[in-house]
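Trainee: I have a structure here, written as structure tokens, and I will follow up with some questions on it.
Readers should treat all values here as calculations from the given coordinates under stated rules, not as data from a laboratory. Fair warning: this is a prediction, and the values are worked out from it, not measured in the lab. Note: ideal-geometry Cβ built from the backbone for every residue, glycine included; neighbour counts use all protein chains shown.
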Amino acid sequence: MKQGLSERLFILYSLVLALYLVDVFLVITYLNWAVAILAVPMLLLSFFYATRLFQVLGGIFLTAGSLMFLTAGIPFHYFPLYLISNMNLLAFLSMLPWINSAAYIGRYEKNIKGLMKVNVSHLGDLYPKSVFTSGTLMMFLNLSAVNLSQGILIDSLKRMEKRIRDRFIARSTIRAYALTMIWSPMEIIVGIVVDATGISYLSYLPWLLLISFTVLIIDLQLEKHSFRSIPYKGDGLADRYKAKKDIYLKMLKLMMILGLFLAAVMITSQWFQLSFILAVTLVIFPFSLVWAFFMKKVFLFLRIGYKTWRQKTNHLQNFVVLFISLSFFSKSLNQTEALTWIQYPFTTFKEYPVIILGLILFTYIGMGLLGVHPIATIGVLLEILQPFFEVFNPMGIGVMLIVGALATASSGTYGIVVTMTSVNTQQNPYAITLTNLPFTLIFGFIGIVVSYFLI
């Protein structure tokens, strides 16, 4: 019974999110209430199927939110309306599988992964190739590319000592993810910050790229030196010229497609006066369909896309619990004096913005080590930091919020990427945290420097 119901969660999720998107355009009170009321069974069912970590996290937010809700004396019948402020994030996540599917049927990974095996004599040579390959795939495949890249490396390094192989994979693929997603329009953290600060994504993009490339150069130099003494024997020297030609062509195509996608998002956002996240949400499916049309694979796209979308939507329960409980917590927090108490450590150092930027980074790191998802952390930080947007340039704070979240993604013991890597390589997640913590600190330090310059 439990298993059968879990395979049909996508029906409830789709209904609620579809009603939400219709309400965005029509703004009908009764429709808004319908979404709010349906959010209650949506939360209860999702809580039942969520993993223990998200049940605990959601339970904390709901308990704290309930106490503040009751203390503030808010009429009880308004309770459902406090659950839906993050529905746009769930709609965004539910649409991502469509663009992942379009990239998948294009078989871009087939040729790009050949880059790992071309002209490599030691692991110091393989490291940058692994980072670039993983990062290129992650632009559209996101978390799916983490599994794909790690699978390729596990197979390529199967003769290598496990300790070395695990360290190499944990560093190259996870860091590639952090460095790519920091500026990706498909990264939910980026969308949250863009909408919260009210600053255009295109204004953030050059600064995020600057940080990404600076950290990339530093990391490549350090890791090439670290791994160059370890020989690598591969079978990829044949057809080297053809492989390189195919690789660069595929990479160029992906960059062009990403540019077109961004243009479509910006036009949609301006035309309909939508937030960045909602614009991305609405563009994903039609853009992916047109992409599949030009690849002459529309029916394959629809078949694979629907299967992938249904599977991924059926497993949104963790994020449903997180976002709905976080919405209730944030909305209730704003109605009480508790927000002032939480803001105290930040307001104490309001004359020293560099300390505030450091507090943002170490809040992410500390919460990550406790198992709190960066999206939950950023939800609380945005409530705390809202008054500072009037004192400092919000772009500086926004850049640090993005950098802190993605830097921590590489070392958060219970984070999604670290957990996936732990399962794929069969190593202790704390070992992954230790091997990537220096990278997180370097990443965070560069973010602080750039953010301070912007403030």
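Trainee: Using a 7 Å offset from the Cα along the Cα-to-Cβ direction at both L370 and R107, what is the distance between the two label points in nm, to one decimal?
Mentor: Placing both labels 7 Å beyond Cα along the Cβ direction yields 4.9 nm.
Trainee: Identify, among V372, L274, T180, the residue whose Cα sits farthest towards the positive end of the charge dipole of the chain, taking +1 on the Cβ of Lys and Arg and -1 on the Cβ of Asp and Glu, with the dipole about the Cα centre.
Mentor: Positive-end residue among those listed: T180.
Trainee: Something else about it: Based on the alpha carbon coordinates of the chain, what radius of gyration and maximum Cα-Cα distance (Dmax) apply, in Å?
Mentor: 22.2, 73
Trainee: Rg to Rh ratio, the stretch 369-455, alpha-carbon atoms and Kirkwood radius?
Mentor: That ratio is 1.05, to two decimals.
Trainee: Please give me, ordered by residue number, the chymotrypsin sites (Phe, Trp or Tyr not before Pro) of the stretch 341-371 that lie in loop per DSSP and have at most 14 other Cβ atoms within 10 Å.
Mentor: Working: sites: W341, F346, F349, F362, Y364; in loops: F349.
Loop-located and lightly packed - F349.
Trainee: Something else: Dipole of the chain (Lys/Arg Cβ +1, Asp/Glu Cβ -1, origin at the Cα centre): which of A103, L302, M160 lies farthest to the positive side?
Mentor: Of A103, L302, M160, it is M160.
Trainee: Angle, helix 143-156 long axis vs. longest principal axis of the chain, Cα atoms, 0 to 90°, nearest 10?
Mentor: The two axes meet at around 30 degrees.
Trainee: I would also like to ask the following. Which percent of the Cα-Cα distances in the stretch 305-455 go past 23 Å?
Mentor: 44 percent
Trainee: Would you work out if the stretch 1-102 is rounded, prolate or oblate? Take a ≥ b ≥ c from the square roots of the eigenvalues of the alpha-carbon gyration tensor; rounded if a/c is under 1.5, else prolate when a/b is larger than b/c, oblate otherwise.
Mentor: oblate
Trainee: Which is the longest run of the chain containing none of the trypsin sites (Lys or Arg not before Pro) found in DSSP loop states (not H, G, I, E, B) with at most 13 other C-beta atoms within 10 Å?
Mentor: No qualifying site falls inside 297-455, the longest such stretch.
Trainee: Show that you can apply the helix-only estimate: for the chain, add -39,500 (n - 2.57) for every DSSP H stretch of four or more residues, divide by all residues, and state [θ] at 222 nm to the nearest 500.
Mentor: One gets -26000 deg cm²/dmol as the mean residue ellipticity at 222 nm.
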